[in-house]
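First the structure, in the form of structure tokens, and then the observations on it.
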Amino acid sequence: GINYIPAKLVLLGEMGTGKSSLVLRFVKGQFFDYQESTIGAAFFTQTLAVNETTAKFEIWDTAGQERYHSLAPMYYRGAAAAIVVYDISNTDSFTRAKKWVEELRQHGNPNMVIALAGNKADLVDNKQVEAEVAQTYAQDNGLLFLETSAKTAQGVNELFLEIARRLPKA
Ligand code: GTP
Ligand code: MG
């Protein structure tokens, strides 16, 4: 039979950065210009074949609104992986992403695979966060880094694939 590696994965990041859109792109291949803001959190599963095994992602898509911040530990506790999302057209969202990384380093599972996703990469004309800056930050902090676009699908499958490759083998 198929050997599934279950992997709890959490998405964190400022409201409106595109967490739900990334999940919807990855799980259903869909994108909506008017995606509703998440309330609390939403749960999805998706399998992904990587090398000889198949990762089974159990995905918690959290709400970015600050009033839900206190709920976050429920979702990142015991998580094998996290995707911290910022919006390349919004410097504040990058600042917030760095705060999430600090929180994960302090309170998350020490072996957690953490990915930093610079989403909305299609908004090149409004770019505020240069990829080199984010890449340097990611390198200094041991994070996987990718620019993504839930809208065009750029980098989305690669993001989950790179995470799956880094998961501990069952
Ligand atoms: P919360 O649930 O409130 O935390 O927000 P979120 O991070 O889940 O963001 P969501 O996926 O709801 O997306 C917010 C808005 O950004 C929506 O209008 C999306 O259509 C838009 N959006 C998401 N990803 C992209 C992208 O890659 N490119 C562009 N241009 N717009 C995007
Ligand atoms: Mg959402």
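The values are calculated or read from the model by the stated rules, or taken from the named source; none is laboratory data. Since the structure is predicted, the reported quantities are computational estimates derived from the model, not experimental observations. For neighbour counting, all protein chains shown are included, and Cβ atoms are generated from backbone atoms with ideal geometry for every residue, glycine included. Surface accessibility is based on the protein's heavy atoms, side chains included, excluding ligands, DNA and RNA. Shrake-Rupley method; radii C 1.70, N 1.55, O 1.52, S 1.80 Å.
If the condition is being more than 20 Å from Ser149 (Cβ to Cβ) and polar (S, T, N, Q), then segment 33-85 contributes Thr45, Thr47, Asn51, Thr53, Thr54, Thr62, Gln65, Ser70.
Here Leu24, Leu12, Leu71 are screened, and the one residue that is under 24 Å from Gly142 (Cα atoms), open to solvent by less than 70 Å² (accessible area, probe 1.4 Å) and not in a loop (DSSP other than H, G, I, E, B) is Leu12. Every test in (1) more than 14 Å from ligand 2 (Cβ to nearest atom); (2) open to solvent by 40 Å² or more (accessible area, probe 1.4 Å) is passed by Phe43 save one, and that test is (1). Residues of segment 27-52 that are of a type in the set (A, V, I, L, M, F, W, C) and in a helix (DSSP H, G or I): Val27 alone. Scanning segment 121-150 for residues that are open to solvent by 30 Å² or more (accessible area, probe 1.4 Å), in a loop (DSSP other than H, G, I, E, B) and either at negative phi or in contact with a Phe, Trp or Tyr (Cβ under 9 Å, 6 or more places away or on another chain) (or both) turns up Asp122, Leu123, Lys127, Gln128, Glu130, Asn141. Mind listing whichever residues of segment 151-162 are open to solvent by 20 Å² or more (accessible area, probe 1.4 Å) and either at negative phi or away from ligand 1 (no atom under 16 Å from the Cβ) (or both)? Selection gives Lys151, Thr152, Gln154, Asn157, Glu158, Leu161, Glu162.
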